[in-house]
1. In terms of modelled amide H atoms, which long-range or inter-chain residues lie less than 5 Å from the amide H of residue 178?
2. Normalising by the residue count of the stretch 1-91, find the relative contact order in percent from Cα pairs under 8 Å and 6+ residues apart.
3. Could you give the length gained on full extension between residue 218 and residue 14, defined as 0.36 nm per residue of separation minus the Cα-Cα distance, in nm?
4. Would you kindly state how much longer the chain becomes between residue 191 and residue 117 on full extension, computed as 0.36 nm times their sequence separation minus their alpha carbon distance, in nm to one decimal?
5. How large is ³J(HN,Hα), in whole Hz, for each residue of the stretch 167-181 in order, when computed from phi with the Karplus curve 6.51 cos²θ - 1.76 cosθ + 1.60 and θ = phi - 60°, using x for Gly and Pro?
6. Against the globular-protein guess of 2.2 N^0.38 Å, express the Cα radius of gyration of the stretch 52-174 as a ratio, rounded to two decimals.
7. Using amide H atoms built 1.01 Å from N in the peptide plane, name the residues 5+ places from residue 59, or on other chains, whose amide H lies under 5 Å from its own.
8. Regarding the chain, what are the three Cα extents along the principal axes, ordered largest first, in Å?
Amino acid sequence: MKQAQPRLNRRRVTQLLSGLKNERSASSRIEVLSRSFLGRPYKPNPLIGSADIPEVLTASLDGFDCVTYIETVIALARASDVDDFIEWLRKIRYERGRIQWERRNHYMTLWIRNNVRTQIIKPISMTAVPTRMMERVLNVVPGLYPQRTRMRAVPKRAVPRLGRHLQSGDLIFFVSTRKSLDVFHAGIIVRNEKKVLMRHASRSQGGVVEQELSEFLKANRMAGVMVVRPR
């Protein structure tokens, strides 16, 4: 099946990449890129494709949900040019990079597992931070069969102990209390002196924002968090 090319402001991508020439680490590149999108609007359901509609690789800098914000930043951080950015986006978003709705990483446990496998991200060793194995039967995406998953997460009560392990550029995933869903939100960690901040595409705030991680934790009910680090 022929795939349509994503509608993308290629000049803007080139400008973003040119601004990274002096940023050598993944952490610094992600910090610069995630900052550049602050204030961009929240865009619900930004991808094209469903059980009944053919999947189209979609790349846009105009607006994001929490997942496409992360995917766009990580793909840009790894890219050398516009076409390279599109290729990384494809590899990050789809299992084995195959542009099919069934292969899209719909659930974040699958997103994490597949991107660890392709060495785009890695787990973080967090000694002395308690974790707990959690199990879910994922069943919130129409057209997908229910699937059982297990994930190791830091319980919410232990999240404050994560602080010293977090670096700018880390990805944080918030585990849902629902038994049919694994993760309900995700963001990018930024360290600012002694503060731990999170940048994320927020539905309630209408766009990409930066806030203290502790504020988000206080305002939201969750079972725990998972954290990974881009390579």
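The values are calculated or read from the model by the stated rules, or taken from the named source; none is laboratory data. Everything numeric here is computed off the predicted structure, so don't read it as measured data. Just so you know, the surface numbers come from the protein's heavy atoms only, side chains and all, with ligands and any DNA or RNA stripped out. Shrake-Rupley method; radii C 1.70, N 1.55, O 1.52, S 1.80 Å.
1. It is none; the list stays empty.
2. Values: 90 pairs, mean separation 32.3, N = 91.
For the stretch 1-91, the relative contact order is 36 percent.
3. Working: separation 204, 0.36 × 204 = 73.44 nm, distance 3.85 nm.
Separation in residues times 0.36 nm, less the Cα-Cα distance, equals 69.6 nm.
4. Numbers: separation 74, 0.36 × 74 = 26.64 nm, distance 2.69 nm.
Working it through step by step, the gained length comes to 23.9 nm.
5. Once θ is set to phi - 60°, the couplings for the stretch 167-181 become 10, 4, x, 5, 9, 10, 10, 9, 7, 6, 7, 6, 6, 9, 9 Hz.
6. Details: Rg = 15.9 Å, N = 123, 2.2 N^0.38 = 13.7 Å.
This ratio for the stretch 52-174 stands at 1.16.
7. Excluding prolines and chain starts, which carry no amide H, the hits are 7.
8. Principal extents (Cα only, largest first): 47, 45, 32 Å.
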